[in-house]
Every structure is written in C-alpha cells, then in structure tokens.
C-alpha cells in the first residue's frame, strides 16, 4: 500500500516526531480501510460497518456464542524494509508488517471471506492507529463510543505470539523522577548544588531493583523497572539545577494501575515523581469457559504476554481475550521483521477448525 | 551600541545556538571596533593598529618597561538588560556588560586618551569574540599571528575582579563519560542491558569527589569536578544502549592540561572517556618583579582567580598577567549584572597612579 509516514517510533502509544496522526489516518489508513471495506462488502454473510478508518464485519446467525477476532491495520514507519519479499525456499515472508501484523490481518480476512456458516457468530474487527499515541487507537475509540460493536463471549487479538496463545498482558506506566539543585558557575561549584549528581541515588535504586515474577493462572509474568530517558544540563560551565530520569514500569496483571503507581512512588520515596502515562494490564482469564475451550481447541499450550496489547481493552469491557497470531513478538518493530509462512497457515487452520468443528 | 545577537550562552568559548560568529563580527563588534579605532586615532601619543575587529594602541616612548592592558569588546547576549541605567543615589550602574566588561573597557579608553607621558610604555588592547567559541577569540588570534603586538613585561586584563587583583586562573577541560548497554523492549528487559542504569557508578564517583585546594604563591585555589550534562534514551519502551555524562573539570594552575586530563581519566577508570575541550590555567606569577611592583602599587591584596580568563593566553606567551577590573565576577553573564561606579573610579585612579608616579 502507500508508504507510511516516517518519523515516529510508534511504540505503544508514544508519538515522538513526524507527521501528525491526522495525516496517517487521512493519507494512509484511509486507503487500507477502504480496501478492507470493499473486500468484505462483497459477502452476503457479513454485516459490514465502518467507523472512521475502523471496519467491523459480523455474521448474524443468532448463535448462542459470539467471538471477536481483531487486528490493527497500521504498522510502525518504513525502515528500509518495504516492499516485502517472500523467501520461498525458507518459507519466510520478510518486510514491514510481516510480523506486526499484516499476517494476522490476512488470516482474519481469509476467515471472514470464507466462513459463511461458522459454529459461533463472529465479529471481525480491523482498526487503525495502534502504533501511535493511545488516544488515537481505533479499538479504543470503538470501546468508548460503541462498546456493543465489540460485545462477545471471547476475543482473539492477532498480535504476534508465535502462532500460540499468549494470555493476558502486563500493564505499563511511565513516571518522571526529578532531582533539583542550584545553579552556579562550575569555576565556583561550591556555591551551588548539582542536580545531576543527585540522580546517582535514583539510578542506584534502579540497579538494586529485584523484579517480581508472579504466577497467575499457571503463567509466570516478569515485571521490569527501567530508566528509558535521562536528561539534565544548562551549559558547559553551569551546575545543572534539574535532572529528570524517565522510568517505565512494566507490571504483572495482578496489580491495578493504582497499585503499580503506588509501588513506583514508594520505590522512589523522597523524590519528585510525576506520572506521565499509564495503561492497565489484563489478567489471563484462563479459568473462563470460553478461554478454556479455545485453548483446548488450539493445542493447550499457553504463554504469558509480557508486552502491553489491546487485549487490555477487551478485558476492560469484560470480554476475556488472548493474543494468538503469527510471528515472533521479539521481531515486532524491528527492521528485520519477518514471519514463517507456516505460522500464518497454522493460525488460519486452527481458527477455522475451532469455528467449524 | 547595536543589539548583540541572541541565542548563545557564550560562556567561555561554548557556542550553543544562535547566529554564526561571523555575524557577530560582521554586524556588531565591527561597529564597536570602528568606534574605538576612531576615538584613539585622534591622539598623537598613540600608534593605533587594527587586526580584524581588534584594536592595538601603543605608546612608543622607548621606556625600559612595557605593560599591556587588555579588555574584550563583546558581551553575552541581551537578556532584558539593555540599555543600561545608572542608579545615581546608590552609585550603581546596571545593564548588559556593566560588569563583564564595558566598565573595564571604559577605564582603558580613559587611560589611553589621557596618559600621554606614562612612566612605562603601555599597549592598550581591545579585542573581539571572547564570549563565544575559543577559536574566534581576538586575543587568541593576535597571540597566534602577531605575538609581538602583545609583547610586554607585564599584562593586566580588565576582567571583573572587584577592583582588586585576582592572580592566575584555573584551567578547564570537558570530557564525555560514556556507558553502553544493549537495547531491548522494556516489556522483556532481561534480554538487554540498561546503559542509563550503568551511569549510576559514574555519578556515585562524582559525589565522592574531594576537591583539591592547593596554595600557590600564597593563594588558595579550589578545584571542581561536575557533571554539566547528562543524556540517554531511545524511546519510552526501549532499554537505552548509551548514556553520556558530560563532565567539566576546573583545575588549579599547578596542573598542566595533560596532568588534568590524566587525573580525569584515572578518576573514571573503566569508562569510555573522551576529551572534548581543554584550556590551560595560568600560574599567579606573583614572584615576578613586575607583578610584585603592581600589587604593591594597588594595595597589596591579591585573591586567586577561579574562572578561566585570557590571562592564560598572556601566560602562554611568557608575559606575567593578572586580572584587575571593576565588578563582581559572580555577576558576569547574569541578567542582573551591575557594577559599583566606585569600582570603575578606583581602577582608573590606581592604574593612573601606578603609571605616572
């Protein structure tokens, strides 16, 4: 499709530079959403609705159970990895979005087009703006304005998870930890207080941090507390009066956002701590019947999801959800992004089997 | 005079932003140098020479001793403190350059114009570009290209020193101390190494630093080692693979630049240390006859100079030099820059007395 704009990292809702999200929606996902809408409108077994650049296509067979299968349409920016190429001998598809998550989108499209008589009603959701600031997220917008469109007994998000089930997701929050001092000329430094030197203790605590690895529904999560940015300084001959360490906390889904924030504030007790960003985790919910049935159908193996994904949005709506998509999550957002074709085929076959048998 | 360009800190040779130095020379100090040249050309007792925007005016009476009196023409940028204003009741002159160093320049101009028969030959030097990158410094250019123009038995630099003698100056150098790590997604931080966390030890050492205060020619100097900038970070969800702490070392004039650099490298042993900037100190030289005579003439009290000044350039040419100018050095580069009128009158009177009695 069109070349996406360059300039953002687009990592989990963090817009760093480049064109405004409006441009992305107007110029790029617009075309993708048009193509998806056109393709699905051709099928009589689907009711297709559009909201902005998100498409919701549903079967409406009056079946007692409904499953939601969702994928986002956008990618991170081009990074010398477009167009994609297929290594036929190795069975590997290389290129932007191969892993995160055009392959998952392809599985959804194929199922939507071909499953005209599933054993459960299915809602297929394609949404925009997952890779930029959370406020623009198409699934988030639907959840806020028309949650009924996302209603279901169970949801499957096609985020890369090695064609296996990754349950729940960890939460994430960011804080700025600030030290202050007093400016002075460095030639007379005893007249001031160096705020950068004061950050030594903040970094010392981070080095001493011992991550929790709680087991929830049989899955071991792994928390993490990391400085992601540090900045300070006024001029080459001035004692700096401020230093800011930006810290990202990844927390297991047995903590609420409020509990996670309280932990971080306690951890940095004595410092000025400002919350800048927060998103809840999602419990795996593997004890729920719909989840149990799905896991059993696709082979029984489940791993925890460490990264934050939109399963947390379904979880917040009361819909149990898992990640289940082709590709290795470690390759997401990387230049060398790629996916084994076998993952794509396996995801499709397992979902088809579960929805027809 | 004309409004100087805004946008640099101009602190001791550190250009941070704003128009190129060429603009300063072409647009602003050009006019100042023109005015000084015109003013001094009117006096038959002076031989006036111009190099770029620096003016050298000399008496040539064939006397056995020659003294150089120097001041720079530029200031740091306007900061809401122009034009200047005289508080007549308090006897204080406020405004840009009041302290650093238009008052000193005024003393030189008055002496140059009125001392037609001094007891020593005098070389009056007005130079440009002291407040920006060292490479543009007018005195430095003269020292490199025509050191004979600066020849003398003793030099006096009109840098603010509370109308007293401040001898020698401390050296200054800057290094970048770099830590490295390995990038990873913060949701799986155990796969990477956080370079910002590794900087904890760099800051710990800075906190443990114990400054030397050597006594040289009876003056107590005071060294200082300070982080002036810190930076690191890739994205809000990525373990950073690099962190840089920029450190400024102010060293007493009993160390050479090489010795100072060796000290810093040893202090940060185990880290990647890169030298980015270096300028030597100047020994006070108070044991030299010319310096002794001057100090005795102006009252005998001498303090050490902590900041770096152009006395180091005279020192490098083998000309003993001291700072002796109106104004408090702590006010230099500050918005509230000001000078007691009494300082200006005292400096002029003492120099006049020394050069005529």
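Readers should treat all values here as calculations from the given coordinates under stated rules, not as data from a laboratory. Here the structure is a predicted model, which means the values were calculated and not measured. All Cβ positions, even for glycine, are placed from backbone atoms using ideal geometry, and neighbour counts span all protein chains on display.
Structure values in brief
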| item | result |
| --- | --- |
| Relative contact order, percent, segment A:33-173 [alpha-carbon distance under 8 Å, six or more residues apart] | 32 |
| Ratio of Rg to Rh over segment A:180-219 (Cα coordinates, Kirkwood Rh, two decimals) | 1.44 |
| Förster radius 45 Å - calculated FRET efficiency between residue A:50 and residue A:176 (Cβ-Cβ, nearest 0.05) | 0.70 |
| GNM result for chain B, Cα springs below 10 Å: residue of B:305, B:110, B:102 fluctuating most strongly | B:110 |
| Cα shape, segment B:300-357, gyration tensor, a/c 1.5 rule | oblate |
| Listed residues B:285, B:168, B:52, most fluctuating in chain B (Gaussian network, C-alpha, under 10 Å) | B:52 |
| Proportion of all alpha-carbon pairs of segment B:190-277 beyond 18 Å (%) | 51 |
| Shielding by partners - mean other protein chain Cβ count within 10 Å, residues of A:190-202 | 5 |
| Theoretical ellipticity at 222 nm over the protein assembly as shown - DSSP helices of four or more residues, -39500 (n - 2.57) apiece, nearest 500 | -7000 deg cm²/dmol |
| Cα-based equivalent ellipsoid of the protein assembly as shown: semi-axis lengths in Å, sorted from largest, via gyration tensor | 72, 25, 20 |
| Other-copy label distances relative to residue B:204, 7 angstrom Cα-Cβ extension, nm | 0.8 |
| Gyration tensor verdict on segment B:64-166 (Cα atoms; rounded if a/c is under 1.5, prolate if a/b is larger than b/c, oblate otherwise) | oblate |
| Pseudo-label separations to other copies for residue A:119 - Cα-to-Cβ vector, 7 Å, nm | 11.4 |
| Top of A:239, A:173, A:317 by mean-square fluctuation, Gaussian network on chain A, Cα under 10 Å | A:239 |
| Shortest-first distances to equivalent copies, position residue A:88, nm, label 7 Å out along Cβ | 9.7 |
| Cα gyration tensor category, rounded, prolate or oblate, for segment A:243-357 with a/c compared to 1.5 | oblate |
| Whole-angstrom gap from segment B:204-243 to segment A:168-219, using each part's C-alpha centre | 17 |
| Percent RCO, i.e. relative contact order, over chain B, from Cα pairs under 8 Å lying at least 6 residues apart | 23 |
| Percent of alpha-carbon pairs separated by more than 25 Å within segment B:103-233 | 56 |
| Residues residue B:212 and residue B:278, FRET efficiency given R0 of 22 Å [Cβ-Cβ distance, rounded to 0.05] | 0.75 |
| Long-range tail of P(r) for chain A (Cα pairs > 40 Å, %) | 20 |
| Angle in degrees between helix B:341-356 and the longest Cα principal axis of chain B, rounded to the nearest 10 | 60 |
